[in-house]
Every structure is written in structure tokens, then in C-alpha cells.
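Have a look at the structure below, then the notes.
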Amino acid sequence: MTTITAQRARVARALVVVLGIVFVVLSAVVPGNTATGAPAAERPDAARAAVPAAVGNVHAPIKGEGSTWSANALDQWIRNVWSNYQWKITYNQQGSTAGRNAFANGTADFGVSEIPYAVSNSNEQDLRPQRDFAYMPIVAGGTAFMYNLQIGGKRVTNLRLSGNTIAKIFTAEITRWNDPQIKKDNPLLALPAIPIVPVVRSDGSGATAQFSIWMRQEQTALWDAYCEKAGRPMVNGHCGITSNYPVVPGTGFVSRAKSNGVASYVAQSHAVGAITFVEYSYALNAKFPVAKMLNESGYYTEPTAQNVAVALLRAKINQDKSSPDYLTQNLEDVYRFGDRRVYPLSSYSYIILPTSRDAGFTLDKGLTLADFGAYFLCEGQQQADVLGYSPLPINLVQAGQQQIRKIPGGDPVIKGIRDCNNPTFSPDGGNRLAQTAPYPPACDRQGSTQCLTGTGGAKDTSTSPSGGGSSDGPDDANGGSGGPGDAGSGGRDPGDSDGPDGSDDGPGGSGDGPGGGAEGDGNGATEDDLVDGGGDAEVVDDAAVVELVSATPQSIPLAESGIVPRLTMGGLGLAMIAGAVLPPLLGRRARPVLPGPAGLGRRGLAGGAAS
């Protein structure tokens, strides 16, 4: 071996020794991997969730029960997560009252309801459960008035109703479709002289509860008089809020269970004259129209995703984290919000989450429920509009993120705002859906004309004029959105309905201003309304770091490295050191000294001739 070759060999052995030492050191000092595959010290705060110490190992099957109002959204999300991730979730849509009871009794892992436990001014006992729980909004929407009405054998698809007219229909004060008050709402329709058939829920219903809250607040005198006829007790001087609609015998009301029950009844061919209150989604599915409802600014609107988003800018959300009713809603300002786009009967639906391991709730169930919540808070909201709902705004998504962290066994992955894909999110923190919501056309304004285009599930079917009015044709009747014009008179018709404070219902605001911009007159939403108003930006502190639950389920965690990989690494390092150091040492000790051939001198060994 030449000198150069020997030097190279020594350098190579030295490098192998150094690499072996590195392996040995790393095996002793490197910690195990975290659940997301990165050392804990290196994980960014945005990806580190404050989860309970114990986390589930597998996604165990879970079951829920409750609301039919929000069931169309829930069922779609459940199908999605089963198809994509094989999370088995069973949902029994039996109504909000059944959902609250099932959660309280421990027969459901989660409940879904439009109202909380122990709602004030209720004439029904509904105590909070012994189980630890938290509320979380899941989706927004509008309680619509789906109807079946014909003129001359052709379906009516553009019906309009004021709040006072609706209240009189559902208290049996208006009983025929050609009533002068309905005619006032519909100047272009020659409505038939047939009976009105109000269809109400026979089971405990969140939709009924929301409707009764509105009736008690906005149509108090009518509601009180009707409840007295039905034998319902007064609560604090007025008819109470109820999940079970009162029916007076002989009034011609029809009662059916569940949202599908009332919607299916109205959709029957022989049910001409029927009308019900139900979530907008059911009218879309049945391909039936809904009545446009008169709002405070004097415009008739339907519960589209955009109109609901605008309305809920005025929702008051309980922000007291120490309250058992944290995140629940107060809608009194929604009913009287003066924006022209508002649909008055807009609201949120809630999931009731377990926050302790009671009633057989396990860590593995918690893993499933927390990941399901992370999914529908972001990814699921993309489908809300198509399904007939309105997606949650950013503040309630953020608050929901905090709530799912309370679920035992949950381990939600937290990603940034860009990954959530919620259609309401705007870079400025406002509600994109509300910011871009179109203003209603001029023909939707209260007055001597009305739009001819259809609504709800019959939006592609127009209704020809059949009555008086001032329409010059379909184009004039349907008008266009935007442009200056008077905002109109008050949305609630003068009537015999007094508010809870004893004052008469008054007219809404009026004023002039552009109809197409985000900034408008007293009836339009201002920048403050869109960004900082009411229910859209007050749950989470303005200074809070934006942290949103990921739209996709969490990644599969990597197992911790454990002792075996570390021993393997250390053994490899020692073997490398031994392989580099031992051969030269052993070679020197074992090499013999060979004698030269007899009779040969030093030159002979070198190949020279002997002298």
C-alpha cells in the first residue's frame, strides 16, 4: 500500500468513527416524536391544540339525536365523513326536545337543538342535565313558510306575507286565502277563497320554539289571546315559549311530527291551501315555494344564505365563558334589523357536546366527535348554501374551535384561516357572505306591485299576474336591485299586536340611498354592521390570534420512537466505530515477520544479481 492510499484509508476510517459517535449521541438525547410527527419544541403554536391529557386511540362509533331543522346538513356531513374517513356517526332526527332529553339521559353521545336547556319564559320544564356539557353552533338558517297554493289550477310561487299576517294565520285569526290583509301583501294576485290549513309540529320542536319566541316578542297580543284559547298558562304575564305548538280544537290546524312530516303534508297534491313553518332546506328539497316575509325596512325577503347572514349580524351571542349558556343566541334585534336584505326569522342551530366522561362517553368517542366538529366547522360549511342553510361566520367558528377542545379524548388539529375554506371568511375579519349579499329588487318593496319570480324550491317557476296592482309587465314587476329609491315604510303592519312593553308596533326606518353598495342609508348595513356588528364579531376578542379548526381531518399521528429504534441507532453507531478502528489494530498484531530466502542478500530481495 502506498503512502497516499494509506492516508486516504485513515481519513475514511476517521469519518466513519465520527459518524458512529454522532449516531450514539443522538440515540441518547433525541426525544420521541410528538403526535404530529415533529418535536414538541418545534411545533408552531397555530398547530398545537390545548387538548386533554388523554386522547383517544381510534375513531369509535358515536350516536346523536335531536333537531330535524338542521338534520339535512348533519346527514350530509355524516355521509361525507363516512365516505372519506370511515367515521361511523349515527344521527336520530327526532326533534330538538328529544335530542336534549336523550343527551341528558345519557342515551346519546351528543344532542342537537335550536334552543338551550332551561330557556327563560318557557311554560315547559326543561332542566339542565347532570352531565357536563357545552353548546356549539353548527349552522345558520331561516325558518321558512312553505305553502301549497294555486290560482286557476296553476301553482303560486311568489306569495308575500307580513309578520302580522303570518301571526294571524297561525293563531286562526285569518282563515281564508282571499282575506283582505293577504291581498294587501299580494297586490298582483287574485287569491282563491279557499280555507287556509296551518300545518304545525306535533312533537317537541326547535322550529316551534323559535317561532314561539318570535311570536311572544313581536306579536304578543295575538300570541297571548291564542294561548288563552288553547288553555296554555301565562309566564310572566304573557304566553310562554313552547316547543309544543298549541292547537285549538275546531280551527282546522293539522299536526305532523318532524320537519319531514309537515313538509311532506304541504307538498301533497290534495293539500292545496296548506302552509307550514319549516327550515328553508325542506322547501328546496320538495321543490316548493316559500313566502317572502316582510322585514323592518319594508321589503319582502326569503331566507337565502345571504339574507340570513345579514340578519344574524344583529344576533346577540352570550360571550360569558363562565355561563352555562355560553354561545347561545338572543335574536330580538334580528327581528327588527333595518337592513333591506334581512330575513327576520333567521337563527343558529346548536350541538350539545359532552365535556366529561359521563354516561359511557369514552376517549375514543371523543376523538370521533372532536374531529367531526373540526370537519363541519370548516369544510362542511362550504355545502351550507346548497343544502338550504347559511354558513357560520368567523367568530362562531373560532368559538366552536375552543368548544371542541373541551371534548374528552379529542385531539383537533388547528390550522390557519386560509385552510378553513369557510365561505363567510373575509381577509378583513368580516362576513364575506353579508358583505356581498345583493339588495332586493324594487318589486320586493311593500306597495302596489310585486315580483313575479318564484322562491325556494320553485324559484324557476314564475307566477303570472292575476289581480290588480300597477305592473306593466314581468320586467317592470321584477325590477332590478340597486339604484336610488325610498327605503319604504315599516315592515310590520299596523295591527292589534302590542309588544311586551305595551307599545304598539311602529313603522321601520325610512330613507334614501343607493341600493347596491355595502354602505347605504339607515336601512343598509354599514361597515360597522358588516365587520363588528352583533353576532358576527364579538364572541372572540378583536386582539385574539386567528386560529381556525382545520377543514380536513387531522393527519394520522406518528408513533413515538420508543426504546427499540434508539438502541438500533446506538448499536449502528458502535458497529461503525468498531468497523473503522479494530481492523488496523488486529492486523498489526497478527501480521508475521517473514525471513528472506537462503543465500540471498538485500540486493537479491530487491531483484538484483548476487556478486
Item checked: For Gln401: the one exception among (1) in contact (Cβ under 8 Å) with a residue 60 or more places away in the chain; (2) surrounded by fewer than 22 Cβ atoms within 10 Å (Cβ to Cβ) -> (2)
Next item on the list: Given the conditions (1) under 19 Å from Ala140 (Cα atoms); (2) surrounded by fewer than 18 Cβ atoms within 10 Å (Cβ to Cβ), report the number of the one that Ser264 does not fulfil.
Entry: (1)
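Please enumerate the residues belonging to segment 410-445 that are part of a strand (DSSP E or B) and within 21 Å of Gly380 (Cβ to Cβ).
Ile414, Lys415, Phe425, Asn431 - these are the residues of segment 410-445 that are part of a strand (DSSP E or B) and within 21 Å of Gly380 (Cβ to Cβ).
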Notebook entry, point to check: Residues in segment 275-284: is at least one in contact (Cβ under 8 Å) with a residue 40 or more places away in the chain and farther than 27 Å from Asn186 by Cβ?
Noted result: no
Next item on the list: Could you tell me whether Ala144 is buried (at least 23 other Cβ atoms within 10 Å of the Cβ), in contact with a strand residue (DSSP E or B) (Cβ under 7 Å, 6 or more places away or on another chain) and not in a loop (DSSP other than H, G, I, E, B)?
Entry: yes
Note to self: For Thr453, only one of the following conditions fails: (1) part of a loop (DSSP other than H, G, I, E, B); (2) open to solvent by less than 40 Å² (accessible area, probe 1.4 Å); (3) at pLDDT 95 or above; (4) of a type outside the set (A, V, I, L, M). What is its number?
What the structure shows: (2)
Note to self: Quick check on segment 158-177. Is at least one of its residues surrounded by 24 or more Cβ atoms within 10 Å (Cβ to Cβ), in contact with a Phe, Trp or Tyr (Cβ under 6 Å, 6 or more places away or on another chain) and either basic (Lys, Arg) or part of a helix (DSSP H, G or I) (or both)?
What the structure shows: yes
Notebook entry, point to check: Considering only residues of segment 199-210 that are buried (at least 23 other Cβ atoms within 10 Å of the Cβ) and in contact with a strand residue (DSSP E or B) (Cβ under 8 Å, 6 or more places away or on another chain), which is farthest from Ala102 (Cα to Cα)?
Noted result: Val199
Margin query: So for segment 357-379 (the condition being under 17 Å from the mean Cα position of the chain (by Cα), farther than 19 Å from Ala73 by Cα and open to solvent by 20 Å² or more (accessible area, probe 1.4 Å)), does at least one residue qualify?
Written below: no
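Do you know which residues across segment 99-126 are surrounded by fewer than 24 Cβ atoms within 10 Å (Cβ to Cβ) and modelled with pLDDT of 95 or more?
Asn101, Ala102, Ala104, Asn105, Gly106, Thr107, Pro116, Tyr117
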Notebook entry, point to check: Any residue at all in segment 73-81 that is touching a residue at least 12 places away in the same chain (Cβ under 8 Å), open to solvent by 30 Å² or more (accessible area, probe 1.4 Å) and under 20 Å from the mean Cα position of the chain (by Cα)?
Noted result: yes
Next item on the list: Mind listing just one residue for me: the one in segment 300-318 that is open to solvent by 10 Å² or more (accessible area, probe 1.4 Å) and under 11 Å from Asn330 (Cβ atoms) and, of those, nearest to the chain's Cα centre (by Cα)?
Entry: Ile317
Next item on the list: May I ask you to list the residues in segment 404-440 that are closer than 24 Å to Arg340 by Cβ and open to solvent by 30 Å² or more (accessible area, probe 1.4 Å)?
Entry: Pro423, Asp428, Arg432, Gln435, Thr436, Pro438
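The values are calculated or read from the model by the stated rules, or taken from the named source; none is laboratory data. The shown structure was predicted, so the numbers you read here are calculated from the model rather than taken from an experiment. For neighbour counting, all protein chains shown are included, and Cβ atoms are generated from backbone atoms with ideal geometry for every residue, glycine included. Ligands, DNA and RNA are stripped out before the accessible areas are found, and what is left, the full protein with its side chains, is counted by its heavy atoms. Shrake-Rupley method; radii C 1.70, N 1.55, O 1.52, S 1.80 Å.
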